[in-house]
1. Give the shape of segment 1-69 as rounded, prolate or oblate, defined through the alpha-carbon gyration tensor: a ≥ b ≥ c are the square roots of its eigenvalues, a/c under 1.5 means rounded, and otherwise the shape is prolate if a/b is larger than b/c and oblate if not.
2. Distance between the C-alpha centers of segment 13-28 and segment 39-80? Whole Å please.
3. Anyone know which of ASP62, ASP48, ASP99 comes out most mobile in the 10 Å Cα GNM of the chain?
4. Residue-wise, which Karplus ³J(HN,Hα) couplings in Hz belong to segment 89-97, taking 6.51 cos²θ - 1.76 cosθ + 1.60, θ = phi - 60°, and x for glycine or proline?
5. Solvent-accessible area per residue for segment 2-101 at a 1.4 Å probe radius, Å²?
6. Give the carbon-plus-sulfur fraction of the accessible surface of the chain in %, rounded to a whole number; probe 1.4 Å, heavy atoms of protein chains only.
7. Please give the calculated 222 nm ellipticity per residue for the chain, where each DSSP H segment of at least 4 residues contributes -39500 (n - 2.57) and the sum is spread over every residue; nearest 500 deg cm²/dmol?
8. Please compute one quarter of the surface area of the Cα convex hull for segment 36-84 and express it in square nanometres.
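The values are calculated or read from the model by the stated rules, or taken from the named source; none is laboratory data. All values reported here derive from a predicted model rather than from experimental measurement. Here the Cβ is made from the backbone with ideal geometry for all residues, glycine too, and neighbour counts use every protein chain on show. Side chains are part of the model used for accessible areas, which takes the heavy atoms of the whole protein and leaves out ligands, DNA and RNA. Shrake-Rupley method; radii C 1.70, N 1.55, O 1.52, S 1.80 Å.
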Amino acid sequence: VIAKSRFWYFLSKYHKMKKTTGEILSINEIYERRPEVVKNFGAFVRYDSRSGTHNLYKEFRDTTRTGAINQLYMDMAGRHRARTRSIQVIDLKEVAAKDCKRPYITEFHDSKIKFPLPHRVQRASQKR
């Protein structure tokens, strides 16, 4: 439903056409080739804020493109208070690990990464 409405939005920007004068012939879902592998995605986005229109580039780690786009919408809503209707995704590319720019993405590229559990409380073996 969202993809169809965005399709008509972008089509009306490029061609003088409305939803009433056009027809969608088919809708095909594109599946991820390897959905079990974590990948890096770079998104070029244009969005309207309260003060104007801005362009930005964000990186995400996810297993699928749709997951990365969902992260993008949640991140934009949280950080910039941008609604889904004001966000235009210009491009979403899979980025190699060496080409990632953002430090919050590159910190997960270490093969020996550890996640410590700092506050482990030792419990008594028996209750008396």
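1. Details: a/c = 3.47, a/b = 1.26, b/c = 2.75.
It comes out oblate by the Cα gyration axes.
2. Taking the Cα centre of each part, segment 13-28 and segment 39-80 sit 26 Å apart.
3. The residue that fluctuates most here is ASP99.
4. 7, 7, 7, 9, 10, 7, 10, 5, 4
5. 76
6. That fraction is 52 percent.
7. -8000 deg cm²/dmol, from helical runs alone.
8. The directionally averaged projection comes out at 3.2 nm².
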